2 protein chains.
Amino acid sequence: MTDPERPGQVASRRIHTGKVINLDIDEVRFPNGKTGELEIIRHSGASAVIPFLSDPGADDPTILLIRQYRYAADGFIYEIPAGRLEPGEPAEQCAVRELREETGCTAAKMEHLYTFFTTPGFTDEKIHLFVATGLTSGESELESDEFVEVVPTQMSAALKLIKDGTINDAKTALSILYVAGFFLGR
Amino acid sequence: MTDPERPGQVASRRIHTGKVINLDIDEVRFPNGKTGELEIIRHSGASAVIPFLSDPGADDPTILLIRQYRYAADGFIYEIPAGRLEPGEPAEQCAVRELREETGCTAAKMEHLYTFFTTPGFTDEKIHLFVATGLTSGESELESDEFVEVVPTQMSAALKLIKDGTINDAKTALSILYVAGFFLGR
């Protein structure tokens, strides 16, 4: 961190320690050697899951979307099951847990496909995308501030909901397009 | 905001006013009528652009990616040109400005395709995606903390960079997949 040649952190000051995020103001060395201050939201990272209710090899398979209240979006939005990593929790274990909590389902197979930064201009949050197949349903276990409806949706319908802007959550749209392009029919 | 029936804001407390983001802790009414506190990062929103260097109707057209230093990602990452809305700035004007600043290009046509929440679990940031066609090149005008290299890339190559995880910025991967699926060949 203190290598004088390399861009990166020079110093860090914690402004806020929160439930979901922490806010730091860091002194940063840029690639030109100059330094400046940047705000950065520290996030533990998250896992997200596309759960296949039918065989992903089927013609137009069905996935599970959820419809969830999001204060930041001022209403209910479509998402895929997802949630924050607990301290020390491996990403796959988080995906298994969130799938069970939000949909009640367990999966015979959980496969990691892709990892991405949500919005690297101001946060280090990364989301790990998994595909879940061989589902067995059970009871969902929602936290007190989660309001979730499970919505089985055919891939063709999910793609239409992205195209027309009804699905407007980046991780959800990206994950469905990634799976449609690079997982199905591979 | 104070409708007793509707989920949403009950009260808001500003924790931090920053350069790029503000942090509030809000008291929120949830869909079940109960209230609780949520951290929310307030962001002015942003525009992002996929600039087509060649005719988008061409076989495997070329787009402009940028390679940019991102402290949050601890290095240089591939992105599409993008940036924050200035106060009162319309999204299309922001797209035109960011395209010019980051690549030096102006576009004969700027078309809005899609708008999405980057990570609605903790921020209200929205990104407005545009496609720019009919490019004319000029001088880029980077801000002092921007370190950007312009990388012309064929769509087929960009899709491979997403598939193999080299492109790992959500807005960039989502925008390229959206344009490949819903704009090209329409």
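Hey, can you find the accessible area per residue of the stretch B:1-102 for me, probe 1.4 Å, expressed in square angstrom? Let's see the in-between values first.
Details: 4640 Å² over 102 residues.
About 45 Å² of surface per residue is accessible.
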Next on the checklist: Compute, for the stretch A:51-186, the length of the dipole vector about the Cα centre, with Cβ point charges of +1 (Lys, Arg) and -1 (Asp, Glu) only. Units Debye, rounded to 20.
Outcome noted: 500 debye
Item to check | Kirkwood Rh and Cα Rg combined as Rg/Rh, the protein assembly as shown | outcome: 0.96
Checklist entry - What percentages, rounded to whole numbers, describe P(r) for the stretch B:68-138 computed over all alpha carbon pairs with 5 Å bin width beginning at zero? => result 3, 14, 22, 23, 21, 11, 4, 1
Checklist entry - Which residue, A:A82, A:A95, A:A173, has the most motion in a Gaussian network model of chain A that connects Cα atoms within less than 10 Å? => result A:A173
Checklist entry - GNM on chain A, C-alpha springs below 10 Å: top fluctuator among A:N168, A:N32, A:N22? => result A:N32
Next on the checklist: Tell me the angle of helix A:91-103 to the major Cα principal axis of chain A, expressed in degrees between 0 and 90 and rounded to the nearest ten.
Outcome noted: 50 degrees
Checklist entry - Where is the GNM fluctuation largest for chain B (alpha-carbon springs, 10 angstrom cutoff): B:F30, B:F117, B:F52? => result B:F30
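What does the convex hull of the Cα atoms of the stretch A:46-186 come to per residue, in Å³, rounded to a whole number? If you can, show how the numbers build up before the last one.
Numbers: hull volume 15.9 nm³, N = 141.
Per-residue hull volume (Cα only) is 113 Å³.
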Checklist entry - Assuming R0 = 41 Å, what is the FRET efficiency of A:V151 and A:N32, from their Cβ-Cβ distance, to the nearest 0.05? => result 0.25
Item to check | Relative contact order computed over chain A (Cα-Cα under 8 Å; 6+ residues apart), in percent | outcome: 22 percent
Checklist entry - Roughly how many Å² of B:Y78 are accessible to a 1.4 Å probe, to the nearest 10? => result 40 Å²
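Out of the DSSP beta bridges found with both residues in the stretch B:39-149, what percent are antiparallel (nearest 5)?
Values: 21 of 28 bridges.
Restricted to the stretch B:39-149, the bridges split so that about 75 percent are antiparallel.
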Next on the checklist: Given the whole protein assembly as supplied and a 1.4 Å probe, what does the accessible area of B:L135 come to in Å², nearest 10?
Outcome noted: 40 Å²
Checklist outcome for this item: At the level of C-alpha centres, the distance separating the stretch A:117-139 and the stretch A:148-186, in angstrom, is 13 Å
Item to check | Equivalent ellipsoid dimensions for the stretch B:13-106 as semi-axes, Å, which come from the Cα gyration tensor, largest first | outcome: 35, 16, 15
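Here is the link list: A:K126/B:K126; A:K171/B:K171; A:K19/A:K109; B:K126/B:K163; A:K19/B:K19. Which ones come out longer than 20 Å on Cα distance? Walk me through the numbers on the way to the answer.
Working: A:K126/B:K126 18 Å; A:K171/B:K171 9 Å; A:K19/A:K109 31 Å; B:K126/B:K163 24 Å; A:K19/B:K19 22 Å.
Result: A:K19/A:K109; B:K126/B:K163; A:K19/B:K19 exceed 20 Å.
Per-residue ellipticity at 222 nm for chain A, helices alone: DSSP H runs ≥ 4 residues times -39500 (n - 2.57), over residue total, nearest 500 deg cm²/dmol? The partial results should precede the final answer.
On the way: 3 runs with 35 residues, N = 186.
Rounded to the nearest 500, the figure is -6000 deg cm²/dmol.
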Checklist entry - Carbon and sulfur together cover what percent of the accessible area of the stretch B:122-186 at a 1.4 Å probe radius? => result 46 percent
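The values are calculated or read from the model by the stated rules, or taken from the named source; none is laboratory data. Just so you know, these numbers come straight off a predicted model, no measurement behind them. Positions of Cβ are generated from backbone atoms using ideal geometry, with glycine treated the same way; all protein chains shown enter the neighbour counts. Ligands, DNA and RNA are stripped out before the accessible areas are found, and what is left, the full protein with its side chains, is counted by its heavy atoms. Shrake-Rupley method; radii C 1.70, N 1.55, O 1.52, S 1.80 Å.
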